[in-house]
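Enquirer: Please find one structure pasted underneath; my questions will follow.
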Amino acid sequence: MALISLGDSLTWSAWWPLWVSLTATLLLWFTWWRHARWGRFITTIEHEALHAIVAMLTLIPVRELKVREDGSGHVLFQPPGHWLLYLAPYFIPMLLLAEIALMRMLQLPKTWESACFGMLLGVSLAGHLRQLHPNQTDFRMAGHAFSIAFLPTAFLLGYGVALAFILGSGLDAPLHFMKGWAFEGWEDAKLVFQTIRSWSQSLLG
């Protein structure tokens, strides 16, 4: 039910400033901003910082974090690493979630707040999409097959939480989204299990 209410909330009449701002931001990014050093610099900071944060949270010492003016950067940590450390920057919109929380605290008029959310969402999406390419070393370290299988769902989940935060009235909005996601996932799993069981029973006669 949470997922249905989330979809119903994304209507043009209620959220047109968000959609207009999101579209304009993506157009500006792919025609102009992505060539600017500051655009690459900001997205690289988020990317490398997430590597470092996940490493520290999982008790892996970070030896060096460097982001250069041209948008390149790296994090050096004490091996061995793990899949979450390598893949977290590709599906967790850390800056977006922090910026949404700050915008809520400002209590701007609804139209302005919605437009700002669209801009922030566009920049975050563009930054993540810029980093998704097959030559990423992180994908090789985590395993290409695992990365391909895991990231699409994780990406939708991460941005689904962000959208729930944007559309919700409080900090519990992401929790409601996660509950709805888990419920729908459980129902799908039961349907798959029942289908497989019925097929096996029919094959066995």
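Enquirer: Looking at Ala115, Ala101, Ala149, can you tell me which residue is within 30 Å of Pro17 (Cβ to Cβ) and surrounded by fewer than 18 Cβ atoms within 10 Å (Cβ to Cβ)? Walk me through it before giving the result.
Expert: Details: Ala115 fails: surrounded by fewer than 18 Cβ atoms within 10 Å (Cβ to Cβ); Ala149 fails: within 30 Å of Pro17 (Cβ to Cβ).
Exactly one residue qualifies, and that residue is Ala101.
Enquirer: Quick one: Leu22 ticks every box in (1) modelled with pLDDT of 85 or more; (2) crowded, with 18+ Cβ neighbours inside 10 Å; (3) touching a strand residue (DSSP E or B) at 6+ places or on another chain (Cβ under 6 Å) bar one, so which box is it?
Expert: Failed condition: (3).
Enquirer: Only one of these is in contact (Cβ under 8 Å) with a residue 60 or more places away in the chain, in contact with a Leu (Cβ under 8 Å, 6 or more places away or on another chain) and of a type in the set (Phe, Trp, Tyr): Phe30, Phe91. Name it. Lay out the reasoning, then the answer.
Expert: Values: Phe30 fails: in contact with a Leu (Cβ under 8 Å, 6 or more places away or on another chain).
Every option except Phe91 fails the conditions.
Enquirer: Checking Trp199 against (1) in contact with a helix residue (DSSP H, G or I) (Cβ under 9 Å, 6 or more places away or on another chain); (2) farther than 22 Å from Gly127 by Cβ; (3) at pLDDT 75 or above; (4) hydrophobic (A, V, I, L, M, F, W, C), only one condition comes out false. Which one?
Expert: Of (1) in contact with a helix residue (DSSP H, G or I) (Cβ under 9 Å, 6 or more places away or on another chain); (2) farther than 22 Å from Gly127 by Cβ; (3) at pLDDT 75 or above; (4) hydrophobic (A, V, I, L, M, F, W, C), only one is false for Trp199: (1).
Enquirer: Output the residues belonging to segment 120-150 that are hydroxyl-bearing (Ser, Thr, Tyr) and touching a residue at least 24 places away in the same chain (Cβ under 8 Å). Lay out the reasoning, then the answer.
Expert: The initial filter retains those residues of segment 120-150 that are hydroxyl-bearing (Ser, Thr, Tyr), namely 124, 137, 147.
Within segment 120-150, Ser124, Ser147 meet the criteria.
Enquirer: Let me ask you something else. Any chance segment 85-98 includes a residue that's in contact with a Cys (Cβ under 9 Å, 6 or more places away or on another chain), buried (at least 19 other Cβ atoms within 10 Å of the Cβ) and either modelled with pLDDT under 85 or not in a loop (DSSP other than H, G, I, E, B) (or both)?
Expert: no
Enquirer: Tell me which residues, restricted to segment 55-84, are without any contact (Cβ under 8 Å) to a residue 60 or more places away in the chain, in contact with a Phe, Trp or Tyr (Cβ under 8 Å, 6 or more places away or on another chain), under 21 Å from Gln131 (Cβ atoms) and outside any loop (DSSP other than H, G, I, E, B).
Expert: Listed by number, the residues that qualify are Ala55, Val62, Val67.
The values are calculated or read from the model by the stated rules, or taken from the named source; none is laboratory data. Just so you know, these numbers come straight off a predicted model, no measurement behind them. Using ideal geometry, Cβ is built from the backbone for each residue, glycine included, and neighbour counts are taken over all protein chains shown.
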